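The values are calculated or read from the model by the stated rules, or taken from the named source; none is laboratory data. Computed from a prediction, not measured in an experiment: that's the story for all the values here. Note that we place each Cβ from the backbone using ideal geometry, even for glycine, and neighbour counts take in every protein chain shown. Note: accessible area is taken over every heavy atom of the protein model, side chains too, but ligands, DNA and RNA are not part of it. Shrake-Rupley method; radii C 1.70, N 1.55, O 1.52, S 1.80 Å.
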Amino acid sequence: MGDCVTIRRLLFVLFFFIGLAAAPVGAGDLIVSEFVALNDGSLRDEIGDYPDWIEIQNTGGAAVNLAGWSLTDDLDDLSKWRFPDMSLAPGAFVVVFASGRDQCDPAGELHTNFSLSAGGESVALVNPDGVVVHSYPDYPPQFADIAYGMSGSDAGTQTETVLLAEGAPATALIPTNGSLGLDWTLSNFDDAGWLSGTTGVGYDYDGYVGLDVSAMRNVNQSVYVRVPFHVDDATAVGRLILRVRYEDGFVAYLNGLEVARDNAPPAEELTWNSGSLYGSTRDDSIAVTWAEFDISAHADALIQGDNVLAIHAVNAGASSSDLLILPELVAVHFEPLDLSDAVEGYLLTPTPGAPNQTALAQIGPALRDVTENPPPPEPGEDLIITTRVVETLAPLLGISMEWRIGFDVQSRVDLTGVEPMVDDGSGADAVAGDGIYTAVIPGASLTAGKMVRWSIDAVDALGEFSRAPLFPLPSDSPEYYGTVVKDPDLKSDLPIVQWFVESVGASETRGGARGSVFFLDQFYDNVNIHIRGGSTAGAPKKHFKIRFNHGYKFQYREGTPRVNEINLNSTYSDKAYLRQNLAF
């Protein structure tokens with residue numbers, strides 16, 4: 001079991017069905033709604049890293065306490081990482097980074113003690129009784145910033161009701177002592193003698209202030225704010241969201257109960273004349289942007305009828321030049337997800353902490369461990385391609401490999417072909433019936449220096465198709481696997497970059513052309529190659545920029561970070577191109 005050791009703040013879409021392990025339990029409405037196993041920018045953690053992440057959603061109509069629940073990537077170790085004591089409201093999400101850092105402070109970021117494998121493994125959510133309530137056993141290969149998760153016809157159906165809108169009637173008091181205690185935060189408190197107006201409350205925020213409290217300047221760095229509102233049916237509220245535009249800090253109370261705070265002293269230190277925490281300020285451009293606080297755990301503080309949101313606003317010193325408190329309170333009604341109508345699969349746009357996209361499903365056999373970056377073949381040598389096939393909804397009906405040789409349309413040998421893949425032990429297939437299917441690209445077509453690429457298509461008995469590589473984004477993902485046939489005449493003690501383009505002419509324009517790159521025995525397909533440079537762009541010697549696909553960065557040297565793009569420079573005036581190197 002993982003114990004937290006650090007306390008900190010935590011569709012062109014191709015679907016594969018993989019069995020869901022589910023068990024009916026008292027709080028069985030929690031699911032792993034989506035995850036990203038190759039995070040290249042979809043979500044950043046508090047220290048600026050991009051770890052894998054897992055999103056849990058409460059799809060039911062009641063809050064669930066997560067104490068005792070677990071996440072795991074190993075179905076033989078169901079209690080690998082445990083959640084802290086925290087509540088998840090109906091329809092609400094919680095995102096857990098799968099970073100290996102093991103953090104479980106419910107007031108901060110959550111980090112598991114394991115990370116995910118982009119090549120495919122398992123993710124499971126386990127209830128306190130040790131029962132797997134939702135899982136992705138043996139999920140398929142994952143891709144950079146493409147999520148995998150649940151989607152259905154009702155996915156993400158929710159409605160918002162504004163209980164307290166900006167511009168609502170409000171009162172304010174600049175306190176002169178602490179005699180009121182916290183009585184002023186109660187719904188039945190008499191504020192008849194207070195300043196009155198509408199939200200926002202503050203000064204020197206043109207267009208945002210409806211209740212001016214500039215009299216507090218050089219008098220007090222605190223001001224009390226009360227905003228009444230009415231609720232017809234408090235029991236109909238699922239999630240409760242407080243949105244605030246503010247400078248510099250605040251503590252918010254709902255009918256006398258503290259529900260949110262930021263940049264304010266702790267409760268035991270907060271007084272009638274307190275300032276912001278450590279006297280810190282918020283930039284004006286940030287202050288006018290909504291900050292969102294999920295206060296669903298305190299939704300039961302709402303009462304039928306008249307309520308009050310009370311806010312203790314704190315400034316960064318009595319002489320501060322401005323202040324702003326502009327709240328909005330929103331009730332969210334969530335339509336529970338019907339899991340019987342939901343499917344799992346790839347989601348092109350990750351939505352951490354928000355409803356998943358509804359996707360168009362194309363469901364076929366799962367293709368795993370496809371031959372990728374094999375040793376370059378010798379001229380005339382057969383190239384053996386294999387893949388592991390996992391049946392999903394129906395038995396495999398057929399599987400084939402398509403191969404292509406370069407972009408050269410004047411070759412004397414075959415340029416393309418489609419070969420059936422077999423698992424019967426015949427030909428190059430090693431073992432019959434082991435789930436590994438094999439096909440051969442004939443050596444007669446593999447001449448020296450030629451680029452050879454391949455993809456795999458499979459169909460099941462229901463007529464559902466799948467493809468590898470996935471190729472979800474035609475302008476930002478590889479279309480084929482590939483390699484380059486060895487060329488005995490190509491000799492160098494330096495690494496050699498080989499690149500191939502669909503159109504040489506187009507590659508010498510700003511728009512560029514699609515092409516492929518082979519370097520250090522790694523193949524990069526469907527990249528963008530275009531000319532670069534300003535006044536020298538039209539010179540006989542060209543400068544090229546090669547931009548690589550998202551998640552498929554270029555490795556220019558072993559042991560160094562991969563890069564998104566490279567430049568290939570050659571100058572007309574300096575054939576050896578030594579000046580820049582010498583300058584560096």
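Rounded, prolate or oblate: which one fits the range 152-292, using the alpha carbon gyration tensor with axes a ≥ b ≥ c (rounded when a/c is under 1.5, else prolate when a/b beats b/c, else oblate)?
Prolate, because a/c is 1.5 or more and a/b exceeds b/c.
What share of Cα pairs, in percent, lie more than 14 angstrom apart in the range 103-148? Display every interim value, and only then the final one.
On the way: 654 of 1035 pairs.
Cα-Cα pairs in the range 103-148 separated by more than 14 Å: 63 percent.
Say each of ASP434 and VAL497 gets a label point 7 Å from the Cα, pointing the same way as Cα to Cβ; how far apart are those two points in nm?
Roughly 3.9 nm, to one decimal.
Can you give the relative contact order of the range 196-244 as a percent, counting alpha carbon pairs under 8 Å and 6+ residues apart?
Relative contact order of the range 196-244: 22 percent.
Please compute the contact order of the range 96-214 in relative form: average sequence separation of alpha-carbon pairs under 8 Å and at least six residues apart, divided by the residue count, as a percent.
14
Can you work out the Karplus-derived ³J(HN,Hα) for every residue in the range 499-516? Use 6.51 cos²θ - 1.76 cosθ + 1.60 with θ = phi - 60°, whole Hz, and x for glycine or proline.
So the J values, rounded to whole Hz, are 9, 10, 10, 5, 9, 4, x, 5, 5, 9, 10, 5, x, x, 9, 7, x, 9.
What order do VAL484, VAL132 take when sorted by accessible area (1.4 Å probe), most exposed first? Present the calculation step by step, with values, prior to reporting the outcome.
On the way: VAL484 5, VAL132 25 Å².
Ranked list, largest accessible area first: VAL132, VAL484.
For GLU269, GLU166, write out the residues from largest to smallest accessible area, computed with a 1.4 angstrom probe and no ligands counted.
Accessible-area ranking of GLU269, GLU166, largest first: GLU269, GLU166.
Please give the contour-minus-distance gain from LEU462 to HIS543: 0.36 nm per residue of separation, less the Cα-Cα distance, rounded to one decimal in nm.
Extra length available between LEU462 and HIS543 comes to 24.1 nm.
Go ahead and estimate [θ] at 222 nm for the chain from helices alone: -39,500 (n - 2.57) per DSSP H run with n ≥ 4, summed, over the residue count, rounded to 500.
Taking each H run of at least 4 residues, the total per residue is -500 deg cm²/dmol.
May I ask you to work out the translational diffusion coefficient for the chain at 20 °C, viscosity 1.002 mPa s, via Stokes-Einstein with Rh from the Kirkwood sum over Cα pairs, reported in whole µm²/s?
After rounding, the answer is 76 µm²/s.
Give the calculated FRET efficiency between TRP290 and SER79 to the nearest 0.05, with a Förster radius of 45 Å applied to their Cβ-Cβ distance.
My answer for the efficiency is 0.70.
Under 9 Å from the Cβ of TYR437, count the other residues' Cβ atoms, weight Lys and Arg +1, Asp and Glu -1, and hand me the total.
Local net charge: -1.
How would the range 163-237 be classified by its alpha-carbon gyration tensor: rounded, prolate or oblate, with rounded meaning a/c under 1.5 and the a/b versus b/c comparison settling the rest?
Here the range 163-237 falls in the oblate category.
Can you work out ³J(HN,Hα) from phi for every residue in the range 127-132, in order, using Karplus 6.51 cos²θ - 1.76 cosθ + 1.60 and θ = phi - 60°, giving whole Hz and x for Gly and Pro?
Those phi angles translate into 7, x, 7, x, 9, 6 Hz.
Under 30 Å between alpha carbons: how many lysine pairs meet that in the chain, if sequence neighbours fewer than 8 apart on the same chain are excluded?
The result is 24.
Between SER196 and ALA506, what length comes free when the chain is fully extended (0.36 nm per residue of separation minus the Cα-Cα distance, one decimal in nm)?
Full-extension gain reported as 104.9 nm.
Please compute the per residue accessible area over the range 175-293 with all protein chains in place, 1.4 Å probe, rounded to a whole number of Å².
Value for the range 175-293: 48 Å² per residue.
Compute the whole-percent fraction of alpha carbon pairs in the range 63-134 spaced more than 18 Å apart.
Taking all Cα-Cα pairs of the range 63-134, the fraction more than 18 Å apart is 36 percent.
Got a sec to turn the phi values of the range 371-383 into Karplus ³J(HN,Hα) couplings, 6.51 cos²θ - 1.76 cosθ + 1.60 with θ = phi - 60°, whole Hz, x for Gly and Pro?
Residue by residue, the range 371-383 yields 4, 9, 6, x, x, x, x, 6, x, x, 8, 4, 10 Hz.
Given a 1.4 Å probe and the protein chains all in place, what does the accessible area of THR416 round to, in Å² to the nearest 10?
Using a 1.4 Å probe on the heavy atoms, I get roughly 70 Å².
Looking at the range 54-198, what % of its DSSP beta bridges pair antiparallel, to the nearest 5?
Working: 23 of 25 bridges.
Of those bridges, close to 90 percent are antiparallel.
What percentage of the solvent-accessible surface of the chain, computed with a 1.4 Å probe over protein heavy atoms, is contributed by carbon and sulfur atoms?
50
Report the charge-dipole magnitude of the chain in Debye, nearest 20, computed about the Cα centre from +1 at each Lys and Arg Cβ and -1 at each Asp and Glu Cβ.
2360
Starting from the residue with the highest accessible area, list ARG226, ARG562, ARG243 in decreasing order, probe 1.4 Å.
Values: ARG226 10, ARG562 100, ARG243 40 Å².
Result of the area sort, largest leading: ARG562, ARG243, ARG226.
Can you compute the equivalent ellipsoid semi-axes for the range 93-207, i.e. the square root of 5 times each eigenvalue of the Cα gyration tensor, sorted largest first and rounded to whole Å?
48, 20, 16
Answer rounded, prolate or oblate for the range 369-452, using the Cα gyration tensor with square roots of eigenvalues a ≥ b ≥ c: rounded when a/c is under 1.5, else prolate when a/b is larger than b/c, else oblate.
Prolate.
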